[in-house]
Structures are given as C-alpha cells and as structure tokens.
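Okay, so here's the structure we're looking at.
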Protein chains: 2
Amino acid sequence: MTSSRRPLLVHPPVADLRLVAVLNALADPTRLTIVATLRDGGERPCGTFPVSVAPSTLTHHFRVLREAGVIRQREQGKQRWTDLRLEDLDARFPGLLDAILASAPEGLAVGRR
Amino acid sequence: MTSSRRPLLVHPPVADLRLVAVLNALADPTRLTIVATLRDGGERPCGTFPVSVAPSTLTHHFRVLREAGVIRQREQGKQRWTDLRLEDLDARFPGLLDAILASAPEGLAVGRR
DNA sequence: CCTTCCTTTCGACGATCGTCGTACGATGGT
DNA sequence: ACCATCGTACGACGATCGTCGAAAGGAAGG
C-alpha cells in the first residue's frame, strides 16, 4: 500500500489562521529565506533549502511555519515536500504575503544568527 | 527655548529599516493593538492606548516599535506623543502595513497575554 | 518651593526561542 | 538482509522576551 504517513502532519484550516502567528513565523531570517525560496522555486524537499542550520533546527522552523499555516508538507518516499499555502494565506490575509515577499528577496541573512 | 528632549529619542532612518525587525515588532498582540489604534485615531499620548499592561511594559513595547521604525515619538510638555511612520514604512515596504492592518482590526487580544 | 502627573529606567522573574548533537524511524536501493 | 539516505524527536544549552514593581526624573501648576 502507499498509505503510511506516520507523523500525521497537522495543517490548520484557513479559518484558524492567526495574523500574529503568521507574522511571528515570518519574523525570522531563516524562515523568511525558506518562504522566499518557495515563492521563487515552488515545492521542494526539505533538504534543498539554501539555509545553513542543523537538520534538527530546520525541522523546528518547518514546524513553526506549518503550524502558523504558512507552508504545507506532504510525504513522498524518503523525502518530505514543502510548499507555500499561497491561496489560503491570501484568502485569509489578502495581499499580506505578497507585500512581505516583495520586500524580502534581497539581503536575507541565510547563515547562523 | 523649547529644546529639551532629555531621552534623545532615536528613530532609524528609512534606509535602515529592516523587514525582520518590523515583522517582529508587529508579531505581538499588544503592539499590534497600539499600531491599529494609531491607524484609526492618529497621533496620541502614550497613556491613552486601550491596552491593559503596566506602564513600564508599555514603554518597552514603544521602544520595540520605535527602534523598528514603526512609530515616531515626540515630547510635548508632560506627555509623549506617538504616531505611525506610515509614509516611511510605505516607502520602504510598499503595501506592507496596509496589508497587515487590513487583517488586524478585529479580535485583538488587548489584555494580558 | 513643593506637589502632582506622565513616562522612563532598572533590575528581576518565568517563559519562550533558536540552536545543536544524539538517537531514532521510515524508505528505497544494493 | 543490509545499509545509506532523509527527516524527526528528544533533551539540553544560552539568549532573548514580555511582564511587573519600585524608584527616579522632568514638566506644569499651585
């Protein structure tokens, strides 16, 4: 069978998205880099993001983004694919992500803080 | 003379505004309430904000907002007037504050966290 | 001068954050 | 089977955060 998905990834429904949580999720250089990378390149596996932090740290950032409703994650084989919840975000907070990402692409401190 | 201004309020120039700092400043219910109140009512003294935190806590939040470049403060007599740096923010991060405040006005947790 | 009002500064406190290393789990190929 | 790969879970660590109370300071008015 193709069904497994152990961790049972939790994604909050659109109605539950909270502005403060989204802003807090985006108020970090590493997480902003993740989001900007997804905006530019679309869905991709966890290990392919241009950030230089430990894998466990990356997992932590993904959880913050996922629980805030900014990203969506699905499992396929060995790797976990991550994508932006663009439509959902825009339905709940119109123009927010666009405005943020329009100012974000340059000068992102990717490395360690 | 009318010049005194003991604390020498520091306001970062437009070019120095950092997106992460702005998002971080806005990622707090109390500070978001402050900003939304300013947007609705314009400039006002510190003590007139509908937030229920201790005065010293309020001062702390004002400093975070001021150093992020979100608000401007000036002294007049006994009280300190606070205002939004709307034009500056919009020049540096076009549409950002509008998008945030458009989603902010309702359901702000004003009280203690 | 003295008092009152408005706000700040200075610790202090518990809570949360970002980071890491280690260990574990699940998948897919050899 | 075995093993390499990808990502997570679990502490743990120092740093920062939001909160407060107590004390201080400047401004305006008696």
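The values are calculated or read from the model by the stated rules, or taken from the named source; none is laboratory data. It should be emphasised that the depicted structure is a prediction, and the values quoted were computed from it without experimental measurement. Virtual Cβ from ideal backbone geometry, glycine too; neighbours counted across all protein chains shown.
Can we say B:Arg18 is at pLDDT below 95 and charged (D, E, K, R)? No; evaluated as a whole, the condition is false for this residue. Restricted to helices (runs of 4 or more DSSP H) entirely inside region B:1-99, those with at least 2 residues that are within 13 Å of DNA strand D (Cβ to nearest atom) are B:19-26, B:29-41, B:55-68.
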